[in-house]
Each structure stands twice: as C-alpha cells, then as structure tokens.
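Undergrad: One structure, as structure tokens, below. Some questions next.
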C-alpha cells in the first residue's frame with residue numbers, strides 16, 4: 001500500500017510517501033509557498049508505482065491529509081487535483097484516527113495531537129507523553145491502555161517572541177536558539193534565555209505532574225521543529241522523533257484498512 005501523507009500545520013506543510021509502512025521520502029515546506037507545495041507533492045507522487053493491471057496509467061496510491069488549518073486544506077485539495085489529478089482523503093473525516101479519547105468533545109482536539117499520540121503509543125505500547133514543539137507547544141499524555149487523556153497547550157517560540165515584541169515598547173523580536181550562557185548580558189540574549197529555559201522548565205514540570213497523576217514515570221517523546229532547539233538540554237526526555245504526525249496517519253489508515261477487510 002502506497003500512501004502519500006500530507007500534514008498541514010499552522011506554519012509548514014509536510015509531505016511524505018510511505019510504501020507498505022516504510023518511509024520513502026519526506027519534506028516540509030512553508031504553507032504559504034504554493035509552488036513548493038505543488039513541487040513536493042508531485043515529487044512524492046512520482047515515487048508511487050503504477051498499477052500493473054490498469055489499462056490506463058494509474059498510480060497505486062492514496063493521498064491522505066490531516067489539517068489544523070481549514071483554509072490550507074482547501075488549497076491543498078486544489079493543488080493535489082491540479083498537480084497529480086487525485087482527490088484527497090481526510091483523516092479524520094474519510095478515515096478515523098485509531099485512538100480512544102477519555103473526555104467529551106473529543107472531535108475538537110487537533111488531529112495533529114491525536115495522530116502524534118497514535119504514533120508514539122504504537123512504538124512504546126505503554127503510557128507515553130508526547131511533547132510537540134511547533135507553532136504552538138502541545139504536551140499530551142496517553143495511558144498504558146492507549147487512551148488519550150488530554151494535554152496542555154502553550155505558545156511556541158516564535159509566538160512568544162512576537163508577543164514580547166508587540167506587547168512592549170522596546171523589546172526586540174528574537175529567534176530562539178540554545179544560549180551560550182544561562183543568563184543574558186544584553187536584551188536580546190536575556191529574552192533568548194528566558195524563552196529557552198522557560199520552555200524546558202515548563203516541559204519538565206508538566207511531565208512531573210502527568211507522572212504523579214499516572215502514578216509512575218512514562219516514557220516521553222519529543223517532536224516538532226522547535227524541539228531541535230532544546231533537545232540537547234532535555235536529558236529527562238527518552239527519545240526524539242521527527243514527523244510523528246505523518247507516521248500516525250499511516251498507522252491509523254492501516255488499522256482502518258485491516259479492520260475493513
């Protein structure tokens with residue numbers, strides 16, 4: 001089974017091709033760069049083999065889309081149709097996400113959070129915490145039975161930096177990176193240290209409180225583009241895994257496909 005998975009985030013769009021669950025290629029581009037999106041989708045689709053028995057040239061694949069930004073969903077739908085002449089399948093929508101949620105109004109939880117949880121639990125097969133540092137930071141928890149319990153949401157680095165700049169008279173907007181020292185000796189470095197260490201501190205505190213609720217320390221998985229900034233100073237994290245959402249899309253679809261046989 002060939003799957004072209006497209007993860008539409010708040011800032012970037014990640015496209016990947018999986019053949020029988022194995023990653024063939026993956027690439028993220030800015031969500032406002034329609035030319036790059038179209039080129040990436042075409043490149044990924046070109047890796048999909050043709051159906052051998054088809055009378056007309058037809059690629060043997062399905063295009064799966066998960067999105068947290070509705071206006072970009074329609075943009076991607078149009079790009080996919082115009083670029084590779086295929087219709088998209090939404091997850092959730094056309095296919096369910098294969099995880100149980102332990103509270104009401106679960107349909108309002110971002111599909112990216114649930115799909116990342118699916119991928120993490122599939123590997124750990126036990127209670128797991130998933131920290132995703134993207135445009136926003138989400139820190140979610142799944143219990144030992146694979147049930148999604150909930151999580152926390154915080155501003156990502158870029159949003160936090162922008163808020164300090166916009167909400168004050170003289171503070172500049174910074175790009176957060178690993179500090180050279182634990183304190184800043186100028187305004188830029190002080191802001192950088194504040195945002196950097198507050199993110200790590202919040203992550204550690206939230207993990208501690210989740211663990212107290214569960215009665216033990218579960219494994220913690222770190223993901224998202226922003227996680228690359230802090231992962232070297234997060235010795236309390238068990239693993240760093242990129243692109244959890246597209247992996248969760250593949251797992252959810254395959255489980256649905258097997259159940260429907």
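Let's see how each residue does on (1) assigned by TED's automatic domain parsing to the domain that holds residue 11; (2) surrounded by fewer than 16 Cβ atoms within 10 Å (Cβ to Cβ); (3) at pLDDT 95 or above; (4) within 22 Å of the chain's Cα centre (by Cα):
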| site | (1), (2), (3), (4) |
| --- | --- |
| 37 | yes, no, yes, yes |
| 41 | yes, no, yes, yes |
| 55 | yes, yes, no, no |
| 77 | yes, no, yes, yes |
| 121 | no, no, yes, yes |
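Undergrad: Further, regarding this structure: Kindly evaluate residue 216 against the criterion of being touching a residue at least 24 places away in the same chain (Cβ under 8 Å), out of contact with any helix residue (DSSP H, G or I) (no Cβ under 9 Å at 6 or more places or on another chain) and surrounded by fewer than 16 Cβ atoms within 10 Å (Cβ to Cβ). Spell out how you get there, then give the answer.
TA: Values: touching a residue at least 24 places away in the same chain (Cβ under 8 Å): yes; out of contact with any helix residue (DSSP H, G or I) (no Cβ under 9 Å at 6 or more places or on another chain): yes; surrounded by fewer than 16 Cβ atoms within 10 Å (Cβ to Cβ): yes.
The answer is yes for residue 216.
Undergrad: Filter segment 233-261 down to the residues that are assigned to a helix (DSSP H, G or I) and either within 30 Å of residue 179 (Cα to Cα) or without any contact (Cβ under 8 Å) to a residue 60 or more places away in the chain (or both) and list them by number. Please lay out each step first, then the result.
TA: Step one: list which residues in segment 233-261 are assigned to a helix (DSSP H, G or I), which gives 233, 244-260.
233, 244, 245, 258, 259, 260 - these are the residues of segment 233-261 that are assigned to a helix (DSSP H, G or I) and either within 30 Å of residue 179 (Cα to Cα) or without any contact (Cβ under 8 Å) to a residue 60 or more places away in the chain (or both).
Undergrad: Hey, another quick one. One residue is enough: does segment 57-71 have a residue meeting the conditions assigned to a helix (DSSP H, G or I) and within 17 Å of the chain's Cα centre (by Cα)? Reasoning before the result, please.
TA: Start the filter on segment 57-71 by keeping residues that are assigned to a helix (DSSP H, G or I), which leaves 70-71.
Remaining after also requiring within 17 Å of the chain's Cα centre (by Cα): 70.
Checking segment 57-71: at least one residue is assigned to a helix (DSSP H, G or I) and within 17 Å of the chain's Cα centre (by Cα).
Undergrad: Is it fair to say residue 202 is in a helix (DSSP H, G or I), surrounded by fewer than 20 Cβ atoms within 10 Å (Cβ to Cβ), assigned by TED's automatic domain parsing to the domain that holds residue 114 and free of Cβ contacts under 8 Å to residues at least 40 places away in the same chain?
TA: On the way: in a helix (DSSP H, G or I): yes; surrounded by fewer than 20 Cβ atoms within 10 Å (Cβ to Cβ): yes; assigned by TED's automatic domain parsing to the domain that holds residue 114: yes; free of Cβ contacts under 8 Å to residues at least 40 places away in the same chain: no.
For residue 202, the condition - in a helix (DSSP H, G or I), surrounded by fewer than 20 Cβ atoms within 10 Å (Cβ to Cβ), assigned by TED's automatic domain parsing to the domain that holds residue 114 and free of Cβ contacts under 8 Å to residues at least 40 places away in the same chain - is not met.
Undergrad: Looking only at residues in segment 85-113 that are buried (at least 19 other Cβ atoms within 10 Å of the Cβ) and outside any loop (DSSP other than H, G, I, E, B), which one is nearest to the chain's Cα centre (by Cα)?
TA: The qualifying residue nearest to the chain's Cα centre (by Cα) is 112.
Undergrad: Continuing with the same structure: Determine whether segment 168-183 contains at least one residue that is in a helix (DSSP H, G or I) and either free of Cβ contacts under 8 Å to residues at least 40 places away in the same chain or surrounded by 14 or more Cβ atoms within 10 Å (Cβ to Cβ) (or both). Can you show your working first?
TA: We begin by selecting, within segment 168-183, every residue in a helix (DSSP H, G or I); these are none.
No, that holds for no residue.
Undergrad: Could you check, for segment 137-146, whether at least one of its residues is in contact (Cβ under 8 Å) with a residue 40 or more places away in the chain, assigned by TED's automatic domain parsing to the domain that holds residue 126, on the phi > 0 side of the Ramachandran plot and in a strand (DSSP E or B)?
TA: No: segment 137-146 contains no residue that is in contact (Cβ under 8 Å) with a residue 40 or more places away in the chain, assigned by TED's automatic domain parsing to the domain that holds residue 126, on the phi > 0 side of the Ramachandran plot and in a strand (DSSP E or B).
Undergrad: Identify the single condition in (1) within 17 Å of residue 140 (Cβ to Cβ); (2) under 17 Å from the mean Cα position of the chain (by Cα); (3) assigned to a helix (DSSP H, G or I) that residue 230 does not satisfy, given that it satisfies every other one.
TA: (1)
The values are calculated or read from the model by the stated rules, or taken from the named source; none is laboratory data. These numbers were taken from a predicted model, which means no experiment stands behind them. Cβ atoms come from the backbone with ideal geometry, glycine included; neighbour counts cover every protein chain shown.
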